[in-house]
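The values are calculated or read from the model by the stated rules, or taken from the named source; none is laboratory data. Being a predicted model, the structure only gives us computed values, none of them experimental. Cβ placement follows ideal geometry from the backbone for every residue including glycine, while neighbour counts extend to all protein chains displayed.
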Amino acid sequence: MNSIIQNILVFLAFLGSVTFLVKKFIWKPKKTAKACGKNDCGCH
């Protein structure tokens, strides 16, 4: 019984670390530049 719980915890830790690495290095959200003067953001 303990080995089953241990295997599940190891798998969850591995899955969490892989998800973190994918989000950090592979999947990057598009950044929108909201600088005044470029796209008329209405800040003046």
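Please verify whether the range 8-23 includes one or more residues that are at pLDDT below 95, of a type in the set (Val, Ile, Thr) and part of a helix (DSSP H, G or I).
Among the residues of the range 8-23, at least one is at pLDDT below 95, of a type in the set (Val, Ile, Thr) and part of a helix (DSSP H, G or I), which makes the answer yes.
Which of (1) surrounded by 10 or more Cβ atoms within 10 Å (Cβ to Cβ); (2) at pLDDT 65 or above is the odd one out, the single condition ILE5 does not satisfy?
(1)
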